[in-house]
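Colleague: Handing you this structure, nothing more for now.
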Amino acid sequence: MRNLIHRVALTLALTSLFTSAPAQSRDASPDSAQANQAKVSQAPGFSWITVPTQTLSAGGVAFAYRELGKQHGGTPVVFLNHLAAVLDNWDPRVVDGIADRHHVIVFDNRGVGASTGTPSNSIEQMAVDAISFIKATGFRQVDLFGFSMGGMIAQEIVLKEPQLVRKMILAGTGPAGGEGISAVAGVANYDLLRGLLTGQDPKQYLFFTRTPNGIQAGKAFLARLEERSQNRDKEIAVGAYVAQLQALSAWGRKKPADLSVVKQPVLIVNGDDDRMVPTPNSHDLARRLPNSTLVIYPDAGHGGLFQNHAELVPEALEFLAR
């Protein structure tokens, strides 16, 4: 009975947690995928709320992606998303802010959102799939911007293919075996139910502090997620969410990797009160990564990068320009 109640509540709450407006389905079948190309196509003059969604075929998967700022040239910044997120879960202020000076590519990994294939239940395989997508774009080197689970995927990418990565921004994340990471499922599902029972978007609990400042920041963030009203991404399936929870649980129990071999510059950011991936993990990452810079935002939680986007974007741009 407990498992049945959990499944029903999870299914009902999932849409309210990980989407912010009615999603519109888009055909992302292999037949509709674009042929592999030397580089992804340019989308000049768009913002994050208007840029079209495209597909790129790699390894039998039609990856859904969006692209901004190609006219800037240089090393592209590839965004790696958080638990249960699709393209529309990225804050427009963060994406547009980076794309103002850099080429930005944001994609759904295998089996997530409008990307085809079976979703992976391991961070390691998610990294393999991400590498497949990145190589299909034709770029020999990229910068990585990973948030939460995306930051874990970024760590695996740089360990597997160090020559592929120039710099990394890791937000709200931690190392393998880090404090509390294996318990993310409990935290997430608790707040799913809490949001369902209170009629609030659970991201208000998961990403932001319960102080007046945090509550207001959460409302502003949720409003920004609704700015894109047309051609939204497909919602994540419950099965993909469960697979990701399994991946996070295994990552949290995994023996820590030797991150001292990572020589790339890394910017680590988080809030000082992260409940999902506890803030001590960010300090731990900074100790483990020899060429890292740590920024902790006060009165902020897991979504500190979104709450403090006005500070994050200039810091990220300065870091990428070094």
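Colleague: Within region 252-269, can one find any residue that is of a type outside the set (A, V, I, L, M) and closer than 21 Å to D108 by Cβ?
Modeller: Step one: of region 252-269, the residues of a type outside the set (A, V, I, L, M) are 252-256, 258, 260, 263-265.
Okay, now just the ones that are also closer than 21 Å to D108 by Cβ, so none.
No, the conditions are met nowhere in region 252-269.
Colleague: Further question: Just to be sure I understand, how many residues within region 59-73 are in a strand (DSSP E or B), more than 24 Å from L170 (Cβ to Cβ) and in contact (Cβ under 8 Å) with a residue 60 or more places away in the chain?
Modeller: Within region 59-73, the first condition is being in a strand (DSSP E or B), and the residues that meet it are 61-68.
Imposing the further condition that a residue be more than 24 Å from L170 (Cβ to Cβ) reduces the set to 61-62.
Checking the rest, the ones that are also in contact (Cβ under 8 Å) with a residue 60 or more places away in the chain come to 61.
Total meeting the criteria: 1.
Colleague: Restricting attention to region 94-103, does a residue exist that is modelled with pLDDT under 95, closer than 22 Å to R166 by Cβ and more than 15 Å from the chain's Cα centre (by Cα)?
Modeller: Just the residues of region 94-103 that are modelled with pLDDT under 95, to begin with: none.
Among the residues of region 94-103, not one is modelled with pLDDT under 95, closer than 22 Å to R166 by Cβ and more than 15 Å from the chain's Cα centre (by Cα), which makes the answer no.
Colleague: Also: Residue by residue through region 261-278, note down the ones that are surrounded by 24 or more Cβ atoms within 10 Å (Cβ to Cβ) and β-branched (V, I, T).
Modeller: Selection gives V266, I268, V269, V277.
Colleague: Only one residue in L320, L285, L294 is within 24 Å of L83 (Cα to Cα), in contact (Cβ under 8 Å) with a residue 12 or more places away in the chain, in a helix (DSSP H, G or I) and not β-branched (V, I, T), so which one is that? Reasoning before the result, please.
Modeller: Values: L320 fails: within 24 Å of L83 (Cα to Cα); L294 fails: in a helix (DSSP H, G or I).
Within the list L320, L285, L294, the selection yields L285.
Colleague: Out of (1) surrounded by fewer than 23 Cβ atoms within 10 Å (Cβ to Cβ); (2) more than 29 Å from P256 (Cβ to Cβ); (3) out of contact with any helix residue (DSSP H, G or I) (no Cβ under 9 Å at 6 or more places or on another chain), what's the single condition that is false for S132?
Modeller: (2)
Colleague: In addition: So T209 passes all but one of these: (1) in contact (Cβ under 8 Å) with a residue 12 or more places away in the chain; (2) over 19 Å from the mean Cα position of the chain (by Cα); (3) part of a helix (DSSP H, G or I); (4) under 23 Å from R93 (Cβ atoms). Which condition number does it fail?
Modeller: All conditions are met except number (3).
Colleague: Please go through (1) among the basic types (K, R); (2) closer than 23 Å to Q54 by Cβ; (3) in a helix (DSSP H, G or I); (4) open to solvent by 70 Å² or more (accessible area, probe 1.4 Å) for R224 and return the number of the only condition it doesn't satisfy.
Modeller: In the conditions (1) among the basic types (K, R); (2) closer than 23 Å to Q54 by Cβ; (3) in a helix (DSSP H, G or I); (4) open to solvent by 70 Å² or more (accessible area, probe 1.4 Å), R224 misses (4) alone.
The values are calculated or read from the model by the stated rules, or taken from the named source; none is laboratory data. As the structure is a prediction and not an experimental result, all values here were calculated from the model. Because the Cβ atoms are built from the backbone with ideal geometry, glycine has one as well, and the counts that use them run over all protein chains shown. SASA here: full protein model, heavy atoms, side chains in, ligands and nucleic acids out. Shrake-Rupley method; radii C 1.70, N 1.55, O 1.52, S 1.80 Å.
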